[in-house]
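The values are calculated or read from the model by the stated rules, or taken from the named source; none is laboratory data. All values reported here derive from a predicted model rather than from experimental measurement. Note that we place each Cβ from the backbone using ideal geometry, even for glycine, and neighbour counts take in every protein chain shown.
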């Protein structure tokens, strides 16, 4: 805990996320964080406009989940925001409640930084998102970096790796026959390695990756998937639809982790030779060193401790400074600026919906034409067959 920060009792934290339906990065991040906060005696509540399987898992774990802010009779102590639309909705609904904003992506539209007077801190999960927040105008003194984490209790170390890899897993929500799967399959086949795939696009969703990953010696993944595979002790080649990166090694771990093992680490075009070169770097002893080192610094408990300290510093500042008084004029200007920023995207969406409707009309017309031609062909073939017989 930072000096000067006063300890507080249990906190009611409202977390926001665009959706809680699929096993993707920020959704799983929110689920793990909310459950960890509850396990530590706090009162997390999660708000998302789109609820699904993950929302049901949270509810089963004792965490309140809602898709409407009006359902929350008791205001939170703090808003922990992910994604600008839900975060701003929560800030406007709960007047006077301070918050923080977490940016999970350098490029996605939904990860665009939100600027608002009652957001007292912003959190980057890696170097690229820190750059995005800085470029958006977030003051350096209010910007924190909390690198992505893994639940070490769930992702336990596997038995020692074999001298050469026997089984490989492509662990990616983007992996299918139209992306990087064929190249990885060819590289593994050339090395005599059996390959499987797990992820949304392949239709093989890994509901419990902590049970799946220990069965594989070599994993092709990036970002969160790579962190989980490293935590269990697999050798990991950074790879996804966007390209190929290196085998994670003790010599490059300190460089790759601040990049979240993500898109900036995929510095080579996707090709069978590039993948084969990384497979050849398989080293069971070094993979063990990488896993041990990662487990020392990337655990969920460390990240939760950072967030709890940050919550307390925000609440302490909010209670003891002038920021506790809501500046309605400043908040109105911030909301107006947001709507001006949002307007072109709404217009673009409207045009896209019109184009989609026109395309569907064309599809239906072509289907009707196909059916007419099939009927015409059948009527023509029938008499010809009768005459032949």
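Observations on the structure shown:
- Identity of the residue in segment 189-218, at pLDDT 95 or above and part of a loop (DSSP other than H, G, I, E, B), that ends up surrounded by the most Cβ atoms within 10 Å (Cβ to Cβ): 216
- Checking 52, 41, 25, 61 one by one, the residue that is assigned by TED's automatic domain parsing to the domain that holds residue 84, surrounded by fewer than 17 Cβ atoms within 10 Å (Cβ to Cβ) and in contact with a helix residue (DSSP H, G or I) (Cβ under 6 Å, 6 or more places away or on another chain) is 61 and no other.
- Helices (runs of 4 or more DSSP H) contained entirely in segment 260-327, each with at least 3 residues that are over 30 Å from residue 214 (Cβ atoms) and modelled with pLDDT of 95 or more: 300-320
- Within this structure, residue 219 fails the test of being touching a residue at least 12 places away in the same chain (Cβ under 8 Å), touching a strand residue (DSSP E or B) at 6+ places or on another chain (Cβ under 6 Å) and over 22 Å from residue 300 (Cβ atoms).
- Positions within segment 162-188 being surrounded by 15 or more Cβ atoms within 10 Å (Cβ to Cβ), assigned to a loop (DSSP other than H, G, I, E, B) and within 23 Å of the chain's Cα centre (by Cα), in sequence order: 172, 173, 174, 175, 176, 179, 180
- Flag for residue 228 being within 20 Å of residue 264 (Cβ to Cβ) and either under 19 Å from the mean Cα position of the chain (by Cα) or buried (at least 23 other Cβ atoms within 10 Å of the Cβ) (or both): yes
- Among residues of segment 132-161 being touching a strand residue (DSSP E or B) at 6+ places or on another chain (Cβ under 8 Å) and in a helix (DSSP H, G or I), the one that is farthest from residue 104 (Cα to Cα) is 142.
- In segment 105-131, the residues that are over 20 Å from residue 309 (Cα atoms), modelled with pLDDT of 95 or more and in a helix (DSSP H, G or I): 127, 128, 129, 131
- In segment 245-260, the qualifying residues are those that are touching a strand residue (DSSP E or B) at 6+ places or on another chain (Cβ under 8 Å) and free of Cβ contacts under 8 Å to residues at least 40 places away in the same chain, and the one that is surrounded by the most Cβ atoms within 10 Å (Cβ to Cβ) is 245.
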